[in-house]
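Student: Handing you this structure, nothing more for now.
Bear in mind these aren't lab numbers, they're just calculated from the coordinates by the rules spelled out. Every value quoted in this text rests on a predicted model; they were computed, and no experiment measured them. Cβ placement follows ideal geometry from the backbone for every residue including glycine, while neighbour counts extend to all protein chains displayed.
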Amino acid sequence: MERLVKRYPAEQEIHVVLDNLKTHNNGDINEWLAKHPNVKFHFTPKGSSWINQIETWFGIITRQSIRRGSFKSLAELIRHIENYIDHWNEDAEPFEWTATADQILEKVAMLDRDYVKLVANNYNPK
């Protein structure tokens with residue numbers, strides 16, 4: 001994050017999307033964020049990474065650019081990704097949800113219910 005922050009002027013906002021791991025949300029992180037008020041962390045809902053649109057982006061870039069590639073160094077891979085992103089951004093459009101909030105919440109409730117059943121059915125006290 002320090003390298004990222006140095007690349008942009010202090011007055012420019014930087015938005016970072018993260019999952020809800022404890023390592024991304026603790027006292028040290030909050031202290032760091034207080035020192036960098038232009039950085040905003042946005043956390044995906046707990047247990048819902050499957051609805052996280054950044055995963056859609058990672059899937060696209062992996063399928064279209066990285067998966068079958070051969071890279072001699074990390075620097076070459078980084079250049080390749082940056083070139084892909086530059087090309088993508090030339091005519092990029094936002095991802096759009098195709099499900100309503102009610103449909104998403106219904107699916108979350110179903111997954112939660114089924115997970116509880118799965119755990120209950122596999123619980124074998126000794």
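Student: Per 0.36 nm of contour for each residue apart, how much would the distance between THR98 and ASN26 grow if the chain were fully extended, relative to their Cα-Cα spacing?
Tutor: 22.6 nm
Student: Stretched out fully, how many nm does the piece from ARG67 to ASP114 gain, at 0.36 nm a residue minus the Cα gap?
Tutor: Residue separation times 0.36 nm, minus the Cα-Cα distance, leaves 13.6 nm.
Student: Per 0.36 nm of contour for each residue apart, how much would the distance between GLU2 and ALA34 grow if the chain were fully extended, relative to their Cα-Cα spacing? Write out the running numbers ahead of the final one.
Tutor: Details: separation 32, 0.36 × 32 = 11.52 nm, distance 1.36 nm.
Using 0.36 nm per residue and subtracting the Cα-Cα distance, I get 10.2 nm.
Student: For GLU2, what charge total do you get from the other residues with a beta carbon under 14 Å from its beta carbon, if Lys and Arg give +1 and Asp and Glu give -1?
Tutor: Result for the neighbourhood of GLU2: +2.
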